[in-house]
Every structure is written in C-alpha cells, then in structure tokens.
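Everything on this sheet refers to the single structure shown next.
The values are calculated or read from the model by the stated rules, or taken from the named source; none is laboratory data. Nothing here was measured: the structure is a model prediction, and the numbers come from that model. Cβ placement follows ideal geometry from the backbone for every residue including glycine, while neighbour counts extend to all protein chains displayed.
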Amino acid sequence: MKCGLLGRKLGHSYSPQIHGLFADYSYELFEREPEALESFVRQGNWSGLNVTIPYKKTVLPLCDELSPRARRIGAVNTLVRRPDGTLFGDNTDAYGFEKLIETNGIAVAGRKCLVFGSGGASVMACAVLEELGAASVTVISRQGEDNYGNLHRHADAQLIVNTTPLGMFPHNGEAAADLRLFPACEAVLDVVYNPYRTKLLLQAERLGIPCAGGLYMLVAQAKRAAELFTGTPIEDAAIDRVEARMRRDMLNLILVGMPGCGKSTVAKALGAALGREVQEADALIEAEAGQPIPAIFAAEGEEGFRKRESAVLRELGKRSGLILSTGGGCVTREENYEPLHQNGVIVWLQREIDRLPKEGRPISLRSDLHELYEKRRPCYERFADVVIDNNGSLEATVKAILEVLG
C-alpha cells in the first residue's frame, strides 16, 4: 500500500513519521507542479494521499465523491483511491480541529469566535465552529470588513483561532494580534505546530488564557486519514500516544543552571542516549565572536556578552529536537525565556554550591557563588519546567531526565 503527502513545495514534513506510528504502509512526499497534478492524481501509483498547499481546492473536481464536510468546506486534504479506481475526497483537517477543541475542553457553543486568516484553514475552522454551535464566527482578514485595523470592534470575542502562518517556523516571534485587546477571551487556538508554542500562545500563557497549538490537530487528522487509507478503525487513544511521542521528539531539551553545574556533560550524555544533536550556546558565542568568553567579557563587558548570548539563543530556540546547554546567566534576561520555551522543555540542573568550579568563568571568579545563586534562583524558577538534582552520578541524572520525558 503506497500513500503520501501531495504538494508543490513540501520541504521537511512530520507526516511520514506520524503515519508510521499509526499504520504499516509506505508514506512518501510527492512534490508536483500544477501542470502535472491532474495526471498524478488520476493515474499516479498511490492508494491514499494527504493534500496540502496549494492543491486542497484544485483536487476537488477530480474526486468522484466527496464527504459532506469536504463538500461544505470546499477543500480536500485526503484522497482515497477505491478498488474500482474512483476517487473519494475528505477533509480530515476538520476532524483534527474538532479533536483539538474536544481534547482541550474548549467550549464553543454560544461563544463569539474570531478566526484570524481567510484561507483554506480558515474556511475549515469556521465550518467546525459553526457545527459546534458558536454564537457567531467572524473572519479577520487584511482587507475585509473585519480586519486587523478595527479589532476593537470585537473586544468581546471569547474564542480566538489563528489560521494564518504568522509565527510559523522560520518566522518565529510573529503574531496576528495582541491578546490584550480581547479581555473577554476564554481560549486561544493556533493551527501552527512548529514552533510548538507560537508567540500568540506564549502571550496566552502569560495572560493565563487556556491555549493549544496545532500538533494535536496534525496528529488527529493523520489518524483519520490512516483510517480512510486502510479501512480499519483506530482507537482515539492512539492520538494521545502518537502526539506525546511527536512532542517528545520535536521539543528541544534545554539545560539551565549555575556555572559548573554539569550542563555540558549532561547534554553530551543525553545526546548519546537519544541520538540527538547537541549544541553548546557558549561555544557558538565564542565561534561567532572569534574569541573566548573571558576575552569577550574583557572587551565588551557582561552587557555585550549577554547581547551576543540572546542572539544565539533566539536562533537555537527555533530549532527542533536539540539538546541545548546554555550559559549559567542566560536566565537573567527575561527576553531569553520565550525563544527557549517556544520549542523546548527547560531543565534546571542543581548542584551543591560548594561543588561548583570557578576556573574560566568570569562572573564566578569575581562573585560569592552563594550570593550569586540566591540572586539567580528566582530566574531559574521562572524558566524551569523540570528540576533535576545533579549531585549524584551522571547516569542517575540522565535517567531522571529521561523518566520525566516519558
């Protein structure tokens, strides 16, 4: 059985990995130009296809039968070639979006909903929200009657959904709107899944608004597509299992802690255990500056070093699946939190202060480490998702981190 993802420019895709966790069939990436699309869809060697930009509407007239949702939405993202050669089209994105709402316990019925964006994902989201009984669904576009220049008209919005690519890798750090404009907002959803937490979701977290990104939706729609491809039902519990696996593999593991607490050593051991790329923030800073850290401090002071550090962390934070060892003082700059948190699990390694070495560490050499720790402790607490004791063996520390990851 041969399945795959059809699009014009696909680049990296998580779909083969996700489908491999749901069922046993080959899953390939099929890049096709518009002039080759119809012949591939009608005559290509495939059994089932997921369809992505820009072909979700293009394949619609090529289908012999459509699901009610695909017909209503006017877009197809899943194609199945039946035994008699006819083509069936469905919109499993709608299934995935509905599951995203359901699993996060988000109330839609009777709510005023705003949907940022007017493309295919917007049409899909609007259809699902209407099916779930939203009081109203308003599309916010750049040039429509309801646009980003008059958002004040919708300050009473209760559910906000982003269907635009704003904030998607590699353009991390962008958002369609400021959530402070919506004091009645009860929940925020973003269909973007890379990064795991977009700027919009990070702001929702800060404001205490329940929120969720698009990874669960991506996995759920793949589960439904796999059912259509194979003709075999898959239990919903599999969505949670596959999403947890994908989240674990995609998120960076970021180590923070006092200078000399063992971040570099633990990072290398984790990289070996998980088969992941390991990056040292300090090493990259030195490589870009062309001089060692003590020389950077001597020439530019701590402020100059911190600026260089923040620039490096902004770029590393966009990546996925890294083991990242940071400098001991990166947590002292709040601006570093979002770049690290957007795609990462931040692990605070703790070691007894009297066991911390000072050699080669400019701030440690001139500081009382107990005082420095007390000054930085609130920052570590603010950044950390997980706290791990690193006073025992390296093996015990690595085991503890892997157990937390699950």
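Return the residues of the stretch 247-266 that are of a type in the set (A, V, I, L, M) and closer than 18 Å to F383 by Cα; say none if nothing qualifies.
Of all residues in the stretch 247-266, those of a type in the set (A, V, I, L, M) come to 250-251, 253-256, 258, 266.
Selection gives L251, L253, I254, L255, V256, M258.
Given the residues R241, R224, which is the only one that is closer than 21 Å to V51 by Cα and more than 16 Å from the chain's Cα centre (by Cα)? Full working, then the answer.
Values: R241 fails: closer than 21 Å to V51 by Cα.
The match here is R224.
Residues that are among the hydrophobic types (A, V, I, L, M, F, W, C) number at least 3 in the following helices (runs of 4 or more DSSP H) confined to the stretch 16-124: 34-43, 92-103.
At least 3 residues that are among the basic types (K, R) in each: list the helices (runs of 4 or more DSSP H) lying fully within the stretch 357-406 that qualify.
On the way: elements: 362-365, 369-383, 394-405.
Per the criteria, 369-383.
Pull up the stretch 190-220, narrow it to residues that are buried (at least 24 other Cβ atoms within 10 Å of the Cβ), in contact (Cβ under 8 Å) with a residue 60 or more places away in the chain and in contact with a strand residue (DSSP E or B) (Cβ under 8 Å, 6 or more places away or on another chain), then point me to the one that is nearest to A176 (Cα to Cα). Once the filter is applied, the top-ranked residue is T198. Has the stretch 359-378 got at least one residue that is in contact with a Leu (Cβ under 6 Å, 6 or more places away or on another chain) and in contact (Cβ under 8 Å) with a residue 24 or more places away in the chain? Yes, the stretch 359-378 contains a residue that is in contact with a Leu (Cβ under 6 Å, 6 or more places away or on another chain) and in contact (Cβ under 8 Å) with a residue 24 or more places away in the chain. Of all residues in the stretch 1-13, exactly one satisfies the criterion of being touching a residue at least 60 places away in the same chain (Cβ under 8 Å) and surrounded by fewer than 16 Cβ atoms within 10 Å (Cβ to Cβ), namely M1.
The set of residues from the stretch 41-61 being touching a helix residue (DSSP H, G or I) at 6+ places or on another chain (Cβ under 7 Å) and among the small types (G, A, S) comprises S47, G48.
With the requirement that a residue be hydrophobic (A, V, I, L, M, F, W, C) and in contact (Cβ under 8 Å) with a residue 24 or more places away in the chain, what does the stretch 14-36 give you? Give the derivation first.
Quick first cut of the stretch 14-36, residues hydrophobic (A, V, I, L, M, F, W, C) only: 18, 21-23, 29-30, 36.
Those that are hydrophobic (A, V, I, L, M, F, W, C) and in contact (Cβ under 8 Å) with a residue 24 or more places away in the chain: I18, L21, F22, A23, L29, F30.
For E31, the requirement of being more than 22 Å from the chain's Cα centre (by Cα) and not β-branched (V, I, T) is met.
Of A187, A177, which residue is within 24 Å of G105 (Cβ to Cβ), among the aliphatic types (A, V, I, L, M), buried (at least 21 other Cβ atoms within 10 Å of the Cβ) and touching a residue at least 60 places away in the same chain (Cβ under 8 Å)?
Exactly one of A187, A177 is within 24 Å of G105 (Cβ to Cβ), among the aliphatic types (A, V, I, L, M), buried (at least 21 other Cβ atoms within 10 Å of the Cβ) and touching a residue at least 60 places away in the same chain (Cβ under 8 Å), namely A187.
Looking only at residues that are touching a helix residue (DSSP H, G or I) at 6+ places or on another chain (Cβ under 7 Å) and part of a loop (DSSP other than H, G, I, E, B) in the stretch 161-171, which one is surrounded by the most Cβ atoms within 10 Å (Cβ to Cβ)? Of everything passing the filter in the stretch 161-171, T163 is surrounded by the most Cβ atoms within 10 Å (Cβ to Cβ).
From the list G149, G119, exactly one residue is assigned by TED's automatic domain parsing to the domain that holds V188 and either under 19 Å from M217 (Cα atoms) or within 22 Å of the chain's Cα centre (by Cα) (or both). Which is it?
Numbers: G149 fails: either under 19 Å from M217 (Cα atoms) or within 22 Å of the chain's Cα centre (by Cα) (or both).
Being assigned by TED's automatic domain parsing to the domain that holds V188 and either under 19 Å from M217 (Cα atoms) or within 22 Å of the chain's Cα centre (by Cα) (or both) holds for just one of G149, G119, which is G119.
Comparison of E359, E309, E300 shows that the only residue that is more than 21 Å from the chain's Cα centre (by Cα), crowded, with 21+ Cβ neighbours inside 10 Å and of a type in the set (D, E, K, R) is E309.
In the stretch 272-284, the count of residues that are of a type in the set (V, I, T), at negative phi and without any contact (Cβ under 8 Å) to a residue 40 or more places away in the chain is zero.
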